[in-house]
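What follows is one structure encoded as C-alpha cells, with my remarks underneath.
The values are calculated or read from the model by the stated rules, or taken from the named source; none is laboratory data. No experiment lies behind these values; they were computed from the predicted model shown. A quick note on method: Cβ atoms are made from the backbone with ideal geometry, for glycine too, and the neighbour counts reach across all protein chains shown. Note: accessible area is taken over every heavy atom of the protein model, side chains too, but ligands, DNA and RNA are not part of it. Shrake-Rupley method; radii C 1.70, N 1.55, O 1.52, S 1.80 Å.
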Amino acid sequence: MSDFSSVLSPHEGEIHVIAAAQHIVKALGANKNLDDELRKILSQLDSHLSAMTVLTTESRGTGFREVEEQLKYAEEKIRGWESNQSLLWDSDEFDPLEASEFLKAIDEIQALIEGLRSLSVNGNRKQKELLNRADSILQMAMSRLEKETIHILVKHKQYFQPKNMSFRSCALDVLYDESFVSVEDIPSEEALQRNSREKESDEYIFDLVHPQVIPHLKSIANVMFGVNYGQEFCQAFIRVRRDALEEYLVILKVENFSIEDVLKMEWSSLNYEIKKWVRAMNIIIRYLASEKQLCDQILGDYGFVNPLCFVEISKGSLAHLLNFGEAIAMGTHEPEKLFRLLDMYEVVADNLLDIDALFSEEAGTAVRLEFHELLRSLGDSGRATFLKFGNAIAANASTRPFLGGGIHPLTKYVMNYIKTLTMYCNTLNVLLKDQEAADPNPVVEPENGQGVSSITHCQMACHFRSITATLESNLDSKSKLFKDGVLQHIFLMNNFHYMVRKVKSGELRLFFGDEWIKEHIVKSGELRLFFGDEWIKEHIVKYKQHAMSYERANWNSVLSFLKDGDSPGLCSASKAIRGFTIAFEEVYKNQTGSSIPDPELREDLQISTSQKVIHAYRSFMGRKSSSISEKNIRHSPDDLQNYILDLFNGSPRILQSSRKK
Amino acid sequence: MPATDNQGSFLNRISIRRNQVVSMDGNHEQELEDLELFQKHVADRFADLLSQSEDTSGDGLLSISWLRKLLDVFLCCEAEYKAILLLGRDPSQISKPPLDKLVPEFHDRVVKALDVCNAVSHAVETVRNYQNLAEIAVTALEQRPIGDGQVRRAKKALNSLMILLEEKEGSNHKSTERAWSFGRRSANATTSSSKDRATSASQFRSLSWSMSRGWSAAKQIQAMSSNLVAPRGGESSSPALPVYIMSTITVFVMWALVAAIPCQERNGLLTHFPVSKQLGWAQSIIALQEKIAEEWKKKKEKNRLAGLLEETQRIEKLGVYLIEFADSFQFPPDADRLEEVAVQVAELGETCKKMEEGLVPLQQQIREVFHRIVRSRTEVLDFLDQGGKVTASTM
C-alpha cells in the first residue's frame, strides 16, 4: 500500500492554515453552543479536510517517486503474467500463491489509483501520467481476469446427473389411434414410470462448478466488482453458464421447433417429443436450483445483480420449453393426446412452486408468469380434449355389423382409455372442477346415499359413467346392424361383459382394505371404485339378460322340434329328429363363426347351452327310442356335446363329414 | 392512447346492439355500421403512428417507443376484429363461403406470426446484448481523467459490439469488409490477438436465442403475405373485409418488427407487399410501409450494419465514432477532442437508457401479442366447434 502521508512535508503556506485552525479550536472551546450557521460552515470545512491534506502533495513532484516505484513493481508483476501464455488458475499448474500475488498486485494498483485520483483536481503532468499508467495496467489485469473467469468456469464445469437420467421410453411407444384399433392393455411401463417419478422427487443440489474453484471465482468477482468492472464479470459469467445450460438441453435431446412445425408434426413424433419435454422439464427445474445456488455463492454479495444474472442465464432455455408447451396446448384435441397433455400439465403443476421460488425476484416475474400461463393453457387443452373424447365415442359410427359379434375395438379402446385415466384422477378432477364452475349443465350426479365411496362421486367418476353410457348407446346402435337377432345378443353380451370385467379387474386389491386403496387409487387403475358396485351389478344383469335372450331366441326354435307332439308315431318322431338335426347344423354353421373372446363367458354359455340342448335331446331319444329309426340319428348326444364346444370360437365350420348312416 | 379508450365502448356497443337486433336485415345493417366504425378506428390509429413516425427526438419511426405503440395498435385492432367476427354471428356463417376459406387462411397466417413473435423476442435479447456492451463503453469513457485504460476498455466492448452487430445484422449484404475492418484494426492496434476476436464473436452466439434450423423470418413474412388478396365486389362489405383488414395489419406489424429487430434470417425480406390503394383505412399503412421500405433501401445502400431499429442505428453510428476516437487516442488527450467525445458518449448513454427502459417492456408486449393471438385463435376454433358441423382447421 502506498502511504501518501510520506510525500507530505510542512510547507510555508500551511503554517498559516495551522494557525487559523488553532484559532478556531480555541474559539470553539469558549463557546459551548453552536448555532446552525456555524455548524454548517464547520461541517463544510470538515469535508474539505481530507481533500486538503492530499492537495498539498501537488507541489512536490518528487514525492511521487515512491508511488512510481510501487506502480512499477505491480506493473512488472502484471505484465509478467500477461506475457505468460498459461492461465493463472489453470487446474494443472495452479499455484494458489501466484494467484493471490496477482490479486494482491491488483489491490495495490487500485489503491494507487484511488490515491492518485483524489489528487487530480489540478493534477500535474507527472501525476496524470502515473494515473494513466495505473489505469492502463488495471485494464490489462481486468481483461486478464475476464479470461481467467471464463477459463475456470469452462474447465471446472460439472454435469448435472440426477439419479434417474435414463430415458427408457425413447423408443416410439404404442399408439392410441383414432381408428380405435387399440391394444388390449396399457403398457405397464408407463405406469411404472409415473410411479418412479413420484418416488424420486427428493431434491438435491448438485455442484455445477467444482466446489474447489468457487472461492477463486468469488475472489475474482470481488476484485472486478471492486474496481467497477462488474459488468464484464457478469457478462463472462452469464455467457458460460448460459451455454452450459443450452448444452444440457442438447444432452436432454430437447430440440428446437417452431410452432408451425409442432402443429404439423405427426402424432408419433409429437408423442416422443412430449415425453422428452416432460422429462426435460423435471430435470431442468432441478438443475436450475443448482444454478441458483452457484449464482448465490458467487454473486450473493451484489444485490439485484444476482437474480438478474440467474434470469439471464436461464430464460433463453426456458423460453424454448415454454414455447413447445404453448404449441402443444394449441393443437387439436384428439383423444390420444390426452395422456400426454395431462403429463405436461402435471409436470408444470408439480414444479410450479419451485419455479415460483427460483424466480421470486422482480427480474424473474416474466418467467414466473409465463409458467402460470402455460399451466392454464395446458389445463384448458387437456379438459377440452377429455370432453371431446365423449363426443368422439358418440360420433363413431359403423355401417357394417361387427364380424362375429365379439368385443368391438371401440369398447376396448374406451375401457382401456378410462382405465389409464384413473392414473390422472387428481389432475383430471381439478380440471373438471374448474369447468363445472362455469358449466350450467354439469355432468355431476346428485349425491345419493351415505357411505358410498367419495371416489364414486368425484367429477371423473361421473364423467366415466357418462362416457360408458355413451358407449352403451353407441353399441346399441351398432348391434342393430346385425340382421340376425341372435348375434345382436351375443354382441351386446360380449361387450357389456368386457366392460364389467374391466371395471372389476384388480378386485384382489380389495384385500388391502379401503384406506390402502384410496392411497393407491392413482396407481392401481382401480376402475371399480370409480364406477361403484351399483354400476357393476346393473351391468352384470345387463349382459346376463343378453345371454338369456340369446338362448331363448336361438335354441327355443331348435328345441321346439323335440317337444312332445300329439302324434307319437315313428314317422313323426323321425321327422322331429331330422328337423332338429337340420336346425342344429344351421345353428352350428352360424355360431361357430360368431365369437365370444372371453373364455369364461364362452364356457358358461356353452355349458348352459349344452345342459339345455343335450338334456332335451337325450330325454327325447329316451322317450322315443322305439319309434326312431337308426338311420335318422346323425349325431349322438356326445357328438352334440362336442359340437357345442366349437361354438363361439369365431371360425365358421360346417357339419358334413360326420353324417352317419 | 385514444385507440385504447375507444375499444371498450366500441365492444360494448356492438354487443348490446347485437343482442337487441333480431331481424336479419337489421343485423346486416348493424354489421355494415360496425364495419364502418372498425375501418375508421384502424385508419385513425395508423394515422397516429404515421404522425409519430415524424418525431425527430429519437422516438420516431422504428424506435423502441414507436414499436411499442405499434403493438398497442395491433392489440386494439385485434380486439375489435374478434368482436366483429364473432359477436352475434352464427358459427355456420363462418363455415360458409367466403369465410370458410378466409378464416383458416387467417389462422395459417397467425401461426406464422407466432413464430415471428418468438424470433423477434429472441432477437430483442440480442439488442440487449448491444446495450450491455455499449453501457460498458459509456462507463469507461465517462470516467475522468480519461486515459489509455479507459479507452482500451471502451474499445474492447465496442469491438465486441461491432462484431456482434455484424454477425446478427450483417447478413443482409455481402460486402461486410468495412465492418470487418473494425475487428482487424483493433486487433492490430491492441494487444488482443485474433483469437480473442474469434472468441468474442462466438461469445454471443447462443443456441437458445435462435429458432429452429432453417427457419427464416423473411420467408415467413413472404408466406404470410402471399395469399393476401383484398375482397372484391359483393364480398367487400361482407365479413371478408375485417378478415382482410386484420390480415394486412398482422403482416404489416410482423414485417415492421422483422425489419427493425435482427431476427434469424432476414435475407431477402420483402420491401413491399400489396395493399390495395383504394381502401381508405389502408392509407397510413401504405405510407408507413413506403417509409420503412425506404429506410431498408438506405441501409443497404449505405452498407450499414444495424437493422432499422432507431436505437441500434444510433449505437452503430456512435460506436463507429468512438472506435475511431479510441484508435487515434494518445495520452495525454486533447481537451477539445475530449469535449466532442463527451457529447457522443452522453448520447450513447442516453440511448442505452432508452433501451434499458424500453426493451424489456417491448419484449413483454411481444409476448402479450403472442398470447393474444393464441387465445383468439382458440376462441374462434371453439366457436366453430360449438357450431358442430364444421371440421375445424388443424392450424
### Query
Using the alpha-carbon centroid of each, what span in Å lies between the stretch B:81-144 and the stretch B:259-274?
14 Å
## Note on the structure
Checking rank on B:85-94, A:107-116, B:119-128, with mean other Cβ inside 10 Å and highest first, the result is B:119-128, A:107-116, B:85-94
### Summary
For the stretch A:263-297 the residues that are at least 50 Å² less accessible with all protein chains than alone, 1.4 Å probe, are A:Leu263
### Message
Using each residue's phi in the stretch B:324-338, evaluate 6.51 cos²θ - 1.76 cosθ + 1.60 at θ = phi - 60° and report the 3J(HN,Hα) Karplus result to the nearest Hz, with x for Gly and Pro.
### Response
4, 4, 5, 5, 9, 6, 9, 8, x, x, 7, 4, 5, 4, 4
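Other chains' Cβ within 10 Å of A:129-140 residues: what's the mean? Don't jump to the answer; show the numbers that get you there.
Values: counts 3, 0, 4, 10, 4, 2, 12, 8, 2, 3, 10, 5.
Mean number of neighbouring Cβ atoms from other chains: 5.
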### Task
Work out from phi, with θ = phi - 60° and the Karplus expression 6.51 cos²θ - 1.76 cosθ + 1.60, the ³J(HN,Hα) of each residue of the stretch A:280-287, listed in order in whole Hz, and give x for Gly and Pro.
4, 4, 4, 6, 5, 5, 6, 4
### Message
Given the stretch A:563-646, report the % of alpha carbon pairs whose separation exceeds 14 Å.
### Response
65 percent
### Task
Please count, across the stretch B:32-175, the pairs of lysine residues with Cα atoms under 21 Å apart that sit 8 or more places apart or on different chains.
9
### Task
Mind giving me the nanometre distance, one decimal, between the label points for B:Ser92 and A:Arg653, set 7 Å out from Cα along Cα→Cβ?
5.7 nm
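Could you calculate the FRET efficiency of A:Gln161 with A:Glu538 from 1/(1 + (r/R0)^6), where r is the beta carbon distance between them and R0 is 30 Å, rounded to 0.05? Please list the in-between numbers first.
On the way: r = 53 Å, r/R0 = 1.78.
My answer for the efficiency is 0.05.
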### Task
Over the stretch A:563-646, with every protein chain in place, what whole percent of the accessible area is carbon and sulfur at 1.4 Å, could you tell me?
52 percent
### Nearby lysines by direct alpha-carbon distance to A:Lys612 (threshold 17 angstrom, same-chain neighbours under 8 apart not counted)
A:Lys544, A:Lys563
### Message
I need the phi-derived Karplus couplings for the stretch A:239-246: 6.51 cos²θ - 1.76 cosθ + 1.60, θ = phi - 60°, integer Hz, Gly and Pro marked x.
### Response
4, 5, 5, 5, 4, 4, 5, 5
### Task
List the residues of the stretch A:237-262 that lose 30 Å² or more of accessible area once all protein chains are present, compared with their chain alone (1.4 Å probe, heavy atoms only, no ligands or nucleic acids).
A:Arg239, A:Arg242, A:Glu246, A:Asn256, A:Ser258, A:Ile259, A:Glu260
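Quick one: buried accessible area between A and B, total over both chains, 1.4 angstrom probe, nearest 100 Å²? Kindly include the intermediate steps, with their values, before the conclusion.
Values: alone 33760 and 18090 Å², together 47790 Å².
Interface between A and B: roughly 4100 Å².
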### At least 30 Å² accessible surface lost relative to isolated chain, residues of the stretch B:329-357 (1.4 Å probe)
B:Phe331
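Normalized C-alpha radius of gyration of the stretch A:207-336, against 2.2 N^0.38 Å?
Details: Rg = 18.1 Å, N = 130, 2.2 N^0.38 = 14.0 Å.
Normalised Rg, Cα atoms only: 1.30.
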